[in-house]
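Shown next, in structure tokens, is the structure this report addresses.
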Amino acid sequence: MADVRLETDLVETKQYIVVQIGNEKYGIDINFIDNIVRMSKITRVPKVQSYFKGVMNLRGEIVPVMSIRKKMGLPDDVITDASRIIIIKLEEKGSIGIIVDEVREVITLNMAEVEKTTAKDSFINGIGKNGDELISLFEINAIVEEKEMN
């Protein structure tokens, strides 16, 4: 008898952590996330890009922390009880923390329903539908690149 596969077996899904920055919701691929921590003391570092807030000590490891708001050209961060630092782990670059206004939820998106974006030098690589909501999906490598956006 032939091997019969259901259509649903072929559907690729990915999990994203949905974060809020301003009034917008963004998804970060869960495979890049090492940790989510509450705001803690960030030590300033002189002569770095304006979007770098400094470094923090995370269980003995020094982790650079950046403001995703400043990187995207938005108003500066307003730290609240809901603010979090998401620790992103990249093989070639190590760990980096990004400040978000709030962590909302974990969602699973069907990749067939994700609209890819083609904008060059964009922080967004796609738009996913979660129920009635549209979630902009971050291109993590573009976010952590050490260059100023104009």
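The values are calculated or read from the model by the stated rules, or taken from the named source; none is laboratory data. Since we're looking at a predicted model, the values are computed, not measured. Note that each Cβ is placed from the backbone with ideal geometry, even for glycine, and that neighbours are counted across all protein chains shown.
Answer with yes or no whether residue 73 is under 30 Å from residue 41 (Cβ atoms), loosely packed, with under 13 Cβ neighbours inside 10 Å and not β-branched (Val, Ile, Thr). Reasoning before the result, please.
Values: under 30 Å from residue 41 (Cβ atoms): yes; loosely packed, with under 13 Cβ neighbours inside 10 Å: yes; not β-branched (Val, Ile, Thr): yes.
So residue 73 fits the description; yes.
Got at least one residue in segment 117-125 being within 17 Å of residue 17 (Cβ to Cβ), free of Cβ contacts under 8 Å to residues at least 12 places away in the same chain and over 17 Å from the mean Cα position of the chain (by Cα)? Can you show your working first?
We begin by selecting, within segment 117-125, every residue within 17 Å of residue 17 (Cβ to Cβ); these are 123-125.
From what is left, the residues that are free of Cβ contacts under 8 Å to residues at least 12 places away in the same chain are none.
No, every residue in segment 117-125 fails to be within 17 Å of residue 17 (Cβ to Cβ), free of Cβ contacts under 8 Å to residues at least 12 places away in the same chain and over 17 Å from the mean Cα position of the chain (by Cα).
Within segment 37-52, which residues are modelled with pLDDT of 95 or more and in contact with an Asp or Glu (Cβ under 8 Å, 6 or more places away or on another chain)?
If the condition is that a residue be modelled with pLDDT of 95 or more and in contact with an Asp or Glu (Cβ under 8 Å, 6 or more places away or on another chain), then no residue fits.
Anything in segment 90-116 that is within 23 Å of residue 41 (Cα to Cα) and in contact with a Lys or Arg (Cβ under 6 Å, 6 or more places away or on another chain)? List them, or say none.
Scanning segment 90-116 gives 95, 100, 103.
Test of understanding: among 89, 47, 41, 71, which residue is farther than 17 Å from residue 21 by Cβ, under 15 Å from the mean Cα position of the chain (by Cα) and not hydrophobic (A, V, I, L, M, F, W, C)?
89
Evaluate the following for residue 96: is it within 18 Å of residue 53 (Cα to Cα) and either touching a helix residue (DSSP H, G or I) at 6+ places or on another chain (Cβ under 8 Å) or touching a residue at least 12 places away in the same chain (Cβ under 8 Å) (or both)?
Against the criterion (within 18 Å of residue 53 (Cα to Cα) and either touching a helix residue (DSSP H, G or I) at 6+ places or on another chain (Cβ under 8 Å) or touching a residue at least 12 places away in the same chain (Cβ under 8 Å) (or both)), residue 96 qualifies.
Kindly check whether there is at least one residue in segment 15-36 that is closer than 27 Å to residue 110 by Cβ, modelled with pLDDT under 90 and surrounded by 13 or more Cβ atoms within 10 Å (Cβ to Cβ).
No, that holds for no residue.
Of (1) in a loop (DSSP other than H, G, I, E, B); (2) modelled with pLDDT of 95 or more, residue 76 satisfies all except one. Which?
(2)
Among the residues of segment 76-109 satisfying the criterion of being surrounded by fewer than 15 Cβ atoms within 10 Å (Cβ to Cβ) and of a type outside the set (D, E, K, R), which is farthest from residue 62 (Cα to Cα)?
108
Return the pair list, or none, for Cβ contacts closer than 8 Å from residues in segment 60-87 that are within 11 Å of residue 38 (Cβ to Cβ) and among the aromatic types (Phe, Trp, Tyr) to residues that are loosely packed, with under 13 Cβ neighbours inside 10 Å and at pLDDT 95 or above, at least 6 apart or on different chains.
Correct list of pairs: empty, since none qualify.
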